[in-house]
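Asks: Structure provided below as structure tokens; questions to follow.
The values are calculated or read from the model by the stated rules, or taken from the named source; none is laboratory data. Since the structure is predicted, the reported quantities are computational estimates derived from the model, not experimental observations. FYI the Cβ positions are ideal-geometry reconstructions off the backbone, even for glycines, and counts take in every protein chain you see. Ligands, DNA and RNA are stripped out before the accessible areas are found, and what is left, the full protein with its side chains, is counted by its heavy atoms. Shrake-Rupley method; radii C 1.70, N 1.55, O 1.52, S 1.80 Å.
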Amino acid sequence: MLYIKKVRLKDKSTLSKFLYVILHIWVGGFIGIWYFFWLSLFTSVPSSLYDDSPVWLFGCMVLVCSIGIAVTFSARRTCSNVICNIAAGCGLYVIFQLGCYSVATLIAIMVAAAICSGVGIVRICLRHTGARTVSRQRLAMARRIRVRDLIRRNACIACGVCAILIPLAVGHTDWMKLYEIYCNQMNRSMGSNADFDYAATNYYEDHGIEKNFDTIKRIYDNDEWQSLATEQKKETVKAIFDCESKYLGVQNAVSLEFSDNLPSSLYYEVRAQYDSNNRKITIKDGLLDYDNDEVFMVIAEEVYHAYEHDMMELYSQTLTESQKSLCCFKDVGAWIKNNDSYVIGGNSSYEAYESQPIEEAAKEYATYSWVSYMQNIGDVVDVCYTDENSD
């Protein structure tokens, strides 16, 4: 209020202080929930590419709305500012989660916002006041406040545009390119000594692809996958299971079965499960109707769970303290702690279940395995298709 009185800016508030805060909470909560489901259901963004966490969205919206309320609380409590702050929160979430997959769109929006802000600032600085009695100090202060409001408004608009355009741009980008970007990100974050280095030339030998090629190639193209009969899909799933089991070294100890007798959940669908006591992976029959990438990654994730339990058993019962410090066991200690207080899928929220170290590691492996499969087998399949077309 001190600045307002000093430069005599008009109070343009149309909402009471209490209502202004309440609208941010209620409207922000409604729009946040709606936006989260819109982003995950209607934009065709592969969920494995980003942490589609409502906690992240909530944090971004709280941060932006808090700053927006603090800046506008004195004299700009309007409905338009409520919408701007909420839209900016959604936009910030999208920029962090999906901006790397559509850099060109993000840069274009930011450049446009910067140009508009620059032009606006020049106009504010060159604008003359008709009041001769206004001191230079008050005039400069008034201009600073107007520049601040201009930048805040343009930033909110830019974030709001990002909240819509970036998901649409990512959703219309070739999914293989998206996975390559994801892989590059993970390689940078994990360093050159990444556990999952799928650039090896012995991919086919390590996975036993050559023995299962005619079967496993069916899942390469989603249209072909969806056209398969149920028994053909089960054969393909079994081939994927054999390849992943061979690569991780659990092929002689784990069995696979199909069943609909899996625990139900109020939060999400349980599509597969690994039983460590019986060393058995159970795949729900309904999983076969999903897209090719989801089916592949669910299978790879469950096989990796078998690998995790073998590593935990080895870590606890066989290794010496010096051996436990080896790089290949760096995550096993966290898995053991997680296993002691494991949140069972189907009995808890999706967020609590997916955030566990055991689940995060398996999901990471499954994504890498899918990318590896597509990159390595894709060249061979494309050549086969080309030869068939040429004939």
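Asks: Output the number of the condition that residue 306 fails; it satisfies all remaining conditions of (1) open to solvent by less than 50 Å² (accessible area, probe 1.4 Å); (2) in contact with a helix residue (DSSP H, G or I) (Cβ under 6 Å, 6 or more places away or on another chain).
Replies: (2)
Asks: List, please: which pairs have Cβ atoms under 6 Å, are six or more places apart or on different chains, and start with a residue in region 269-294 that is over 14 Å from residue 305 (Cα atoms) and end with one that is assigned to a helix (DSSP H, G or I) and open to solvent by 20 Å² or more (accessible area, probe 1.4 Å)?
Replies: As it stands, the answer is 291/222; 292/222, since those pairs meet every condition given.
Asks: Do you know which of the residues in region 311-340 that are of a type in the set (Lys, Arg) and assigned to a helix (DSSP H, G or I) is modelled with the highest pLDDT?
Replies: If we take residues in region 311-340 being of a type in the set (Lys, Arg) and assigned to a helix (DSSP H, G or I), then 337 is modelled with the highest pLDDT.
Asks: Among the residues of region 6-19, are any under 30 Å from residue 369 (Cα atoms), among the hydrophobic types (A, V, I, L, M, F, W, C) and at pLDDT below 85?
Replies: No, there is no match, as no residue in region 6-19 is under 30 Å from residue 369 (Cα atoms), among the hydrophobic types (A, V, I, L, M, F, W, C) and at pLDDT below 85.
Asks: Which of the residues that make up region 250-285 are exposed (fewer than 13 other Cβ atoms within 10 Å of the Cβ), modelled with pLDDT of 85 or more and not hydroxyl-bearing (Ser, Thr, Tyr)?
Replies: 257, 277, 278
Asks: Looking only at region 87-108, filter to residues that are farther than 29 Å from residue 22 by Cβ and crowded, with 22+ Cβ neighbours inside 10 Å; which one of those is nearest to the chain's Cα centre (by Cα)?
Replies: If we take residues in region 87-108 being farther than 29 Å from residue 22 by Cβ and crowded, with 22+ Cβ neighbours inside 10 Å, then 98 is nearest to the chain's Cα centre (by Cα).
Asks: Among the residues of region 57-86, write down those that are farther than 12 Å from residue 24 by Cβ, in a helix (DSSP H, G or I) and open to solvent by less than 30 Å² (accessible area, probe 1.4 Å).
Replies: Within region 57-86, 57, 60 qualify.
Asks: Of all residues in region 238-256, which are in contact with a Phe, Trp or Tyr (Cβ under 8 Å, 6 or more places away or on another chain), closer than 18 Å to residue 286 by Cβ and part of a helix (DSSP H, G or I)?
Replies: Listed by number, the list holds a single entry, 240.
Asks: Starting from region 1-21, take each residue that is open to solvent by 100 Å² or more (accessible area, probe 1.4 Å) and list its partners that are at pLDDT below 85, counting only C-beta distances under 7 angstrom and pairs at least six apart or across chains.
Replies: 1/74; 3/141; 3/145; 12/75; 12/76
Asks: Also: Taking the criterion of being surrounded by fewer than 19 Cβ atoms within 10 Å (Cβ to Cβ) and touching a residue at least 24 places away in the same chain (Cβ under 8 Å), would at least one residue in region 318-328 satisfy it?
Replies: Yes; the residues of region 318-328 include at least one that is surrounded by fewer than 19 Cβ atoms within 10 Å (Cβ to Cβ) and touching a residue at least 24 places away in the same chain (Cβ under 8 Å).
Asks: Among the candidates 343, 371, which residue alone is β-branched (Val, Ile, Thr), in a helix (DSSP H, G or I) and modelled with pLDDT under 85?
Replies: After applying the criteria, what remains is 371.
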